[in-house]
Amino acid sequence: MSNENEKSLEKLRHSAAHILAQAVKRLYPEVKLAIGPSTDTGFYYDFDREISFTPEDLGLIQEEMKKIVKENLPITCKEITKEEALTSFTTSKDIYKLELLEAIPEGDKITIFEQGEFADLCKGPHMEKTGQVRNFKLLKLAGAYWRGKETNQMLQRIYGTAFFDKKELKEYLRLLEEAKKRDHRKIGKELGYFIFDEQVGAGLPIWLPKGAKLLSMIEAYDTKKHEESGYKEVRSPHLGLVDLWKTSGHYYHYLDTMFPPMERDNQTFMVKPMNCPFHVSVYKAGLRSYRDLPIRYFELGKVYRYEKSGVLHGLLRVRSFTQDDAHIFCSAEQLEQELNSIREFSVNLFKDFGFTDLEIYVSIRDKEHSDAGKYIGDTKEWDLIEKEFISIVERMGIPYQIDPGEAKFYGPAIDIKLRDALGRLWQCTTIQIDFNLPTKFGLTYIGEDGEAHVPFMLHTAALGSMERFIAILLENYAGNLPLWISPEQVRIIPICDENIPYSKEICNTLNEVGIRTSVDEGSERMNAKIRKGEIEKIPYLFIIGKNEQEEEKVSVRKRHRKNLGSMTLDEIKLRLLEEIEKKVND
Ligand SMILES: [Zn+2]
Ligand SMILES: [Zn+2]
């Protein structure tokens, strides 16, 4: 979408948020208004009301919004003084607006936007008339703390979306429905992949046998690919002394996200939110020369981050997860080559999992905070590296976008996002440059000139978080994983007990060549077993009865395709091995 379009969509949705607030005020005058911005996909407004809104209320509010649209009220902007604003919002007892007002520095311009009897403290911009907001829909209710702080008042958030085009709205709503059906939390439960146990704690996933199988297969594949590309696997502990985190800067820039320190025998430990300092230790364990560079370390590193309970979301946002984390130490001359090969590595890896629609972002600082201690290191150095980074991506000759504010505290990044079957973008790969850690930890290598030089350090995770990547896979495929990563690839269904020994024979033959197969020896009837296999989304079901046994064949049912007829074991074996080898995803 062009910038212009995005801007006007923002305007439309922000105006929809105002109409929502106006409708709520008309229906429930006692409600206090907090804030109501537009978002990437729509808009919301936060309300303070003692009684909870119900889904029926949403229907009423939506109707009232339609009326306001029909009234076609002009939306006008008015500049007022802070005093006038204070008086006005004190009279209306709008405590949240008053708090927002207090935060506005003296002398700053204050504007309110009015439509009919409704006025809101707002910077705008807005549509000209309420009648222009024709295609909108309220979507859901959620709780949200005032200003996102857990110690603040809990508010009720009403979400909605709006589009200029009716068809676009309809398509968006269809995708939302589809996304609901594909929710990985639902699929993960149905397929018995993972759970969250209250007794264990929120955001701490527990992998059940089938999910653990899936996880370890992906990890093994990922590890193999890394090794083929010159990465050396390393392992590190889950915690380290607090001084380690102070030296790395995490203690100063990342503390909010870290679990609190633990003390024992006058020592303080902290659980790792990242693996980086440990890989620095690996580098430091030997004397390095320019001949050794680039050095690439890789680890499936479990990290722990204290995400607020409000943002936890299935496997997408958790408190413990595994990164396919890698760190590359190289010279300045090798930087461009390394960035290029990391990008290619990720692109190829995604292709194997069926993702080919990728977008590249260059994450830089947001200029407003560039000096405010949000970022470590020298501003001039940042400027230089950001420029260099952008020109490297420019030379890659691939389309990219700039993402201000998404840089890490230690350096800018190249982020790769993939588009799934529903058109949603997911950030997975991140490639970050770090000009902080090598200096902080005194890393050097001996150059050709015999002198000590500081290496560049790149942080990268290809798939990103394994947990998150599995969530994306499950949603993308609606649980119908490609054959090569299905935890159970073939299930054999014997029609009666006499067929069990022959079924087991076939099962063993397939398992011996690495095709993950099991036999359903349960007492249910054949049709029930077939249904069960389909619900569990097993790619292939083999039916074995008297005829199959006599002819030494199997009846093959492929997921979605129904019956493939009877085949000899060799025929089907070759077919499966080829599908696995080619990573077919139908
Ligand atoms: Zn506004
Ligand atoms: Zn790192």
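Once you list every other residue whose beta carbon is under 14 Å from the beta carbon of residue 99, what net charge do they have if Lys and Arg are +1 and Asp and Glu are -1?
+2
Kindly provide the Kirkwood hydrodynamic radius of the range 375-498 in Å, to one decimal, from all pairs of distinct alpha carbon atoms.
Details: mean 1/r = 0.0545 Å⁻¹.
Across the range 375-498, the inverse of the average 1/r is 18.3 Å.
In the range 295-345, what is the volume of the convex hull around the alpha carbon atoms, normalised per residue and reported in Å³? Walk me through the numbers before you get to the answer.
Details: hull volume 5.7 nm³, N = 51.
Dividing the Cα hull volume of the range 295-345 by its residue count gives 112 Å³.
Classify the range 104-247 from the C-alpha gyration tensor, please: rounded if a/c falls under 1.5, else prolate or oblate depending on whether a/b exceeds b/c. Please list the in-between numbers first.
Working: a/c = 2.36, a/b = 1.68, b/c = 1.41.
It comes out prolate by the Cα gyration axes.
Give me the three principal axis extents of the range 95-139 from the C-alpha atoms, as integers in angstrom, largest value leading.
38, 24, 18
Just the Cα atoms of the chain, one point each, no solvent: what log10 I(q)/I(0) does Debye give at q = 0.07, 0.12 Å⁻¹?
With no solvent term, the Cα-only Debye profile gives -0.57, -1.29.
Which one of 447, 252, 354 has its Cα pushed farthest toward the positive end of the charge dipole of the chain, where Lys and Arg give +1 and Asp and Glu give -1 at the Cβ?
It is 354, whose Cα lies furthest towards the positive end.
Once amide H atoms are placed 1.01 Å from N in the peptide plane, what residues at a sequence separation of 5 or more from residue 157, or on another chain, have their amide H within under 5 Å of its amide H?
Correct list: 47, 142, 143, 144.
Please work out the Cα center distance from the range 98-159 to the range 1-63, rounded to the nearest Å.
Answer, in whole Å: 8.
Using C-alpha positions alone, give me the convex hull volume of the range 3-181 per residue in cubic angstrom. Intermediate results must be reported in sequence, preceding the final value.
Details: hull volume 23.6 nm³, N = 179.
Each residue corresponds to 132 Å³ of Cα convex hull volume.
Report ³J(HN,Hα) in whole Hz for each residue of the range 457-472, in order, from the Karplus equation J = 6.51 cos²θ - 1.76 cosθ + 1.60 where θ = phi - 60°; Gly and Pro get x.
Taking θ as phi minus 60°, the curve returns 10, 10, 9, 8, 10, 7, 7, x, 8, 4, 4, 5, 5, 5, 4, 5 Hz for the range 457-472.
Counting Lys and Arg as +1 and Asp and Glu as -1, what is the net charge of the other residues whose Cβ lies under 12 Å from the Cβ of residue 231?
Working: positive: 224, 225, 232, 296; negative: 222, 227, 228, 233, 299, 324, 325, 338.
Computed value for this residue: -4.
Nothing charged except the Cβ atoms of Lys and Arg (+1) and of Asp and Glu (-1): what's the magnitude of the dipole of the chain about its Cα centre? Round to the nearest 20 debye. Could the numbers behind the result be given before it?
Values: 84 positive and 95 negative charges, 309 e Å.
Dipole magnitude for the chain comes out near 1480 debye.
Give the long-range amide H neighbours of residue 317: residues separated by 5 or more places, or on another chain, with amide H under 5 Å away, using H modelled in the peptide plane at 1.01 Å from N.
Amide H to amide H, under 5 Å and 5 or more residues apart or across chains, residue 317 pairs with nothing.
Under the Kirkwood approximation for Rh and a Cα-based Rg, what ratio Rg/Rh is obtained for the range 1-98? Could you put the intermediate results ahead of the total?
Details: Rg = 14.9 Å, Rh = 15.0 Å.
Looking at the range 1-98, the ratio lands at 0.99.
Per-residue HN-Hα couplings for the range 208-220, Karplus 6.51 cos²θ - 1.76 cosθ + 1.60 at θ = phi - 60°, whole Hz, x for Gly and Pro?
Working through the residues one at a time gives 7, x, 5, x, 4, 4, 4, 4, 6, 5, 5, 5, 5 Hz.
Once the other residues with Cβ under 11 Å from the Cβ of residue 434 are scored (Lys, Arg +1; Asp, Glu -1), what is the net sum?
Details: positive: 408, 440; negative: none.
Value of the local net charge: +2.
Run the dipole for the range 1-122 about the Cα centre, Lys and Arg Cβ at +1, Asp and Glu Cβ at -1, nothing else charged, and hand back the magnitude in debye, nearest 20.
It works out to roughly 340 debye.
For the range 483-582, report the % of Cα-Cα distances exceeding 17 Å. The partial results should precede the final answer.
Working: 2204 of 4950 pairs.
Beyond 17 Å sits 45 percent of the P(r) for the range 483-582.
Quick one: check the C-alpha center-to-center distance for the range 382-461 versus the range 220-261, whole angstrom.
Result: 17 Å between the Cα centres.
If neighbour count is taken as other Cβ atoms inside 10 Å, put 218, 470 in order from fewest to most. Numbers along the way, then the final one.
Values: 218 20, 470 25.
Listed from fewest to most nearby Cβ atoms, that is 218, 470.
In terms of Cα to Cα distance under 26 Å, which lysines are near enough to residue 232, apart from those fewer than 8 places away along the same chain?
Leaving aside lysines fewer than 8 places away in the same chain, those within reach of residue 232 are 213, 224, 272, 284, 302, 351, 408, 417, 440, 583.
Relative contact order, percent, of the range 3-181 when contacts are C-alpha pairs under 8 Å separated by at least 6 residues?
Values: 285 pairs, mean separation 48.0, N = 179.
Value for the range 3-181: 27 percent.
No lab work stands behind these numbers, since they all come straight from the coordinates. Owing to the predicted nature of the structure, the values given are computational and were not obtained by experimental measurement. Note: ideal-geometry Cβ built from the backbone for every residue, glycine included; neighbour counts use all protein chains shown.
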